[in-house]
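The values are calculated or read from the model by the stated rules, or taken from the named source; none is laboratory data. Bear in mind that the values here come from a model prediction, so they are computed numbers and not experimental data. Ideal geometry is used to build each Cβ from the backbone, glycine not excepted, and the neighbour counts take in all protein chains shown. For the accessible areas, the whole protein counts, side chains as well, though only heavy atoms, and no ligand, DNA or RNA atoms are used. Shrake-Rupley method; radii C 1.70, N 1.55, O 1.52, S 1.80 Å.
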Amino acid sequence: MKFKDWKIWLKSKPWILKWFIIVVLLRPIIDNLYFLKNISPFLSPLYIVGVLTPVLVLIVIAKLPKPKRTKLDKYFNIWSVFILLGTFFVILFDPLSAISFEFLLKLTIPIYLYYFARRFIQSKKDLDGILTTFLYSGAFVAAILIYELVFGAIRVVESRGMERIQGSFGDVVSYGIYLAFCFLIATYFYFSRKGEIPKIKRTRTVIIVGVLCVLTLVNIHHIASYTIFFGILLLFMVFNFKANKGAAISLSVLVFLIFYLFGQPIIEEKIAPLLETDIEVYEGEQESGRLMHGRVGRWTAMFETFTNENVFAQFFGYPTTLKYSFHYVGVGSHNDYVRMLFLSGYFGLFYYITLLVIFYNRAKKLKNATKYLAFGTLGILVLFSISIVPTYYPPFMYVVMCVFAYVALPKQMQT
């Protein structure tokens, strides 16, 4: 979407919906004021937005007509019941505490954002509008990155013996989220704007965003972000072969040359140290629990705790035991599937995976560009969920739930 078209689209939205566009646009700035929460929650834009968003969403849901239900909606509704049940028992453990209120807002992020997005996304134009907004918001993230590279890191954390820059974000994952989705969106527009914008301009945008992503990758040292970036690049090349074999061959040659010239130093200096412990496990020098920076050992211990509970808790979620569960259903698991299992039990995890399968089946029927976007979004969600808890991050959910809402639309509205 061109800037002038984006402005027209923005002006066309009533304030009951426009606030969301503004939040998406300003989210990187809001997230970089993360430290203000340590002074006072009343001074933290992050907390203010976190509280106001579900309130505004409820107003939208109450005032705007309910969309026509599709199969994806049906299974999302079922999954939501198990998430809400688990959340209810999490809060019941300590109903009047600030941490319970915080978990209420965070655990239900996918649910209230999806029901909002189903009313917000009514056409491909709406989807393109919000994706363009997210891409514009990425300009601020790029500015922070360039500032840190030129003038020095704002904040540095050490992991696996390597220093990571993370700006004023709460953690390094925020950089990873923006680089993954900005690259996906830029490559999506490469396909969807065919016939509207000359190929050289579309290619230029992909290259600029791609270079910024690589600069981010080699400075945040985040193995999941490396995997996802190269996964999107591979998906882009596969779809490019379908759309334009000549351009795809040229791109493949270019990628090969870049990898040939710069790949080995990057692998040896930036990637290999991140995999050192995993290699030692495979060679028998470390125990299996040390895999994935010790995450496998953590998951094994957590799963043992889970399976030692009663049958009801296993099927409906660990919080139903009314024991302390904040650590298990929050970021402590470092795996969204494990987190879902603890929060909603076998039933909740089953319906979540079923929901992803239904999304994939509906995505297969989309046109080439939107199919690429849907597959890329699903891939980012599935892969990030292995080592972090992406459904806990609002910027991540902004894109995912809008794409889910588009895929849920009846076929005649996907234009």
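Summary table
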quantity	calculated
Centroid-to-centroid separation of region 42-61 and region 222-239 [C-alpha atoms, Å]	33 Å
Which of I386, I91, I380 is most accessible, then next, and so on - probe 1.4 Å	I386, I91, I380
Percent accessible area from carbon and sulfur atoms, the chain, protein chains only, probe 1.4 Å	67 percent
Within region 56-136, trypsin sites (Lys or Arg not before Pro) in DSSP loop having at most 14 other beta-carbon neighbours inside 10 Å	K68, R69
Cα gyration tensor shape for the chain, rounded if a/c is under 1.5, else prolate or oblate	rounded
Total charge dipole magnitude, the chain, about the Cα centre, Cβ charges on Lys, Arg, Asp, Glu only, Debye to nearest 20	2840 debye
Residue-normalised accessible area of region 311-367, given per residue in Å² at a 1.4 Å probe	42 Å²
Ranked order, E309, E196, E148 - accessible area, probe 1.4 Å, largest first	E196, E309, E148
Heavy atoms of V382 accessible to a 1.4 Å probe, total area in Å² rounded to 10	50 Å²
Within a Gaussian network of the chain (alpha carbon springs, distance under 10 Å), most fluctuating of T370, T132, T70	T70
In Å², nearest 10: area of S174 left accessible to a 1.4 Å probe	10 Å²
For region 16-138: rounded, prolate or oblate by the Cα gyration tensor [a/c cutoff 1.5]	oblate
Three-way shape label, region 97-243, alpha-carbon gyration tensor, a/c 1.5	oblate
Region 73-149 - charge dipole about Cα centre, Lys and Arg +1 at Cβ, Asp and Glu -1, debye rounded to 20	340 debye
For region 367-373, 3J(HN,Hα) per residue [Karplus equation, 6.51 cos²θ - 1.76 cosθ + 1.60, θ = phi - 60°, Hz, x = Gly/Pro]	6, 3, 5, 6, 5, 4, 4
Listed residues A117, A405, A139, most fluctuating in the chain (Gaussian network, C-alpha, under 10 Å)	A139
Cross-link pairs K2/K194; K18/K125; K106/K367; K2/K74; K7/K71; K13/K201 - those with Cα-Cα distance over 24 Å	K106/K367; K2/K74; K7/K71; K13/K201
Alpha carbon centroid spacing (whole Å) that separates region 297-314 from region 128-190	35 Å
Trypsin sites (Lys or Arg not before Pro) restricted to DSSP loop in region 171-236 with at most 15 other C-beta within 10 Å	K194
Label-point separation in nm, N38 to V51, each point 7 Å along Cα→Cβ	2.2 nm
Relative contact order for the chain, counting Cα pairs under 8 Å that sit 6 or more residues apart, in percent	24 percent
Gaussian network model of the chain, Cα within-10 Å springs - most flexible of S192, S168, S159	S159
Farthest positive-ward along the chain dipole, Cα basis, beta-carbon charges - from I99, A143, I358	I358
Per-residue ³J(HN,Hα) for region 215-224, Karplus 6.51 cos²θ - 1.76 cosθ + 1.60, θ = phi - 60°, Hz, x for Gly and Pro	4, 5, 4, 6, 10, 9, 6, 10, 5, 5
Distance from region 79-98 to region 328-360 (C-alpha centre basis), Å	15 Å
Residue-count net charge about K37 - beta-carbon cut-off 12 Å; Lys, Arg +1, Asp, Glu -1	-2
